[in-house]
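The values are calculated or read from the model by the stated rules, or taken from the named source; none is laboratory data. On a predicted model such as this, the values are computed, not experimentally measured, just so you know. We place every Cβ from the backbone using ideal geometry, glycine too, and count neighbours over all the protein chains shown.
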Amino acid sequence: MRKLILKMSISADGFVAGPNGEIDWLFKTADASSTQWVLHNISNAGLHIMGSRTFHDMLAYWPTSSHPLSAPMNEVPKAVFSKKGNLETTTGLTTRALKDARQQDAKEGISAKEKANLDTWTDAAVYTDLVNDIKKLKEQSGNYILAHGGASFAQALVATGLIDEFRLVIHPVILGKGLPLFSAVPAPFYLKLQSSTALPTGIIANIYTPV
């Protein structure tokens, strides 16, 4: 039996993106220390799971990225949850998050690689039954399952009650409005703080388990 962990970057008021999916605010407080914290968490995962929108963003970004997180993002196996039961490869399926990430790379002088690392992306498994398929994946052996976004997928995943651990990277910014993480929970639930890491830019990386 392996754990299901949700790793998300959120604003101090609980949003994972702006109203139109903006994530530019993430980069304004991120630094090498927060990148290192995320790198440790994603590198030890046995499987990355995500919604179909995030998959298309990541497929367009990570295989040619020179970002420090690109190695584990490309090397760890993937599973995608899609109500359609397949992954379309047509253009126009990416979101504002991809644009923001590429703009940040341009500011930092991070160039794309010519040769794409596509193996784990083209081999990604596709699932449609969130609850039953998550239960089956958790029953498999291996390192923990690490869930990414997008917002609607993360909301639905939280609502299932199947998450064993929340790893929340809380950025010191108030958005006021945006896409919330916990808007779909059917009832209040409590968390136990397992660790809290304060980073130089004001980011706090908290690890919680459900009580």
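How many residues does the stretch 113-150 hold that are among the β-branched types (Val, Ile, Thr) and either assigned to a strand (DSSP E or B) or under 24 Å from residue 23 (Cα atoms) (or both)? Residues that pass the stated criteria total 2.
Return the residues of the stretch 63-107 that are modelled with pLDDT under 90 and surrounded by fewer than 12 Cβ atoms within 10 Å (Cβ to Cβ); say none if nothing qualifies.
Listed by number, the residues that qualify are 83, 84, 85, 86, 88, 89, 90, 91, 92.
Taking residues in the stretch 110-127 that are over 17 Å from residue 82 (Cβ atoms), and partners anywhere that are assigned to a helix (DSSP H, G or I) and of a type in the set (Gly, Ala, Ser), the pairs with Cβ atoms closer than 9 Å and at least 6 places apart or on different chains are 113/70; 117/70; 117/71. For the stretch 167-205, residues that are over 16 Å from residue 35 (Cα atoms), in a strand (DSSP E or B) and among the charged types (D, E, K, R) total 1. Which residue is surrounded by the most Cβ atoms within 10 Å (Cβ to Cβ), if the candidates are limited to the stretch 172-199 and must be without any contact (Cβ under 8 Å) to a residue 60 or more places away in the chain and over 15 Å from residue 160 (Cα atoms)? Here the answer is 191.
Would you check if residue 153 is outside any strand (DSSP E or B), buried (at least 18 other Cβ atoms within 10 Å of the Cβ) and of a type outside the set (Ser, Thr, Tyr)? Against the criterion (outside any strand (DSSP E or B), buried (at least 18 other Cβ atoms within 10 Å of the Cβ) and of a type outside the set (Ser, Thr, Tyr)), residue 153 qualifies.
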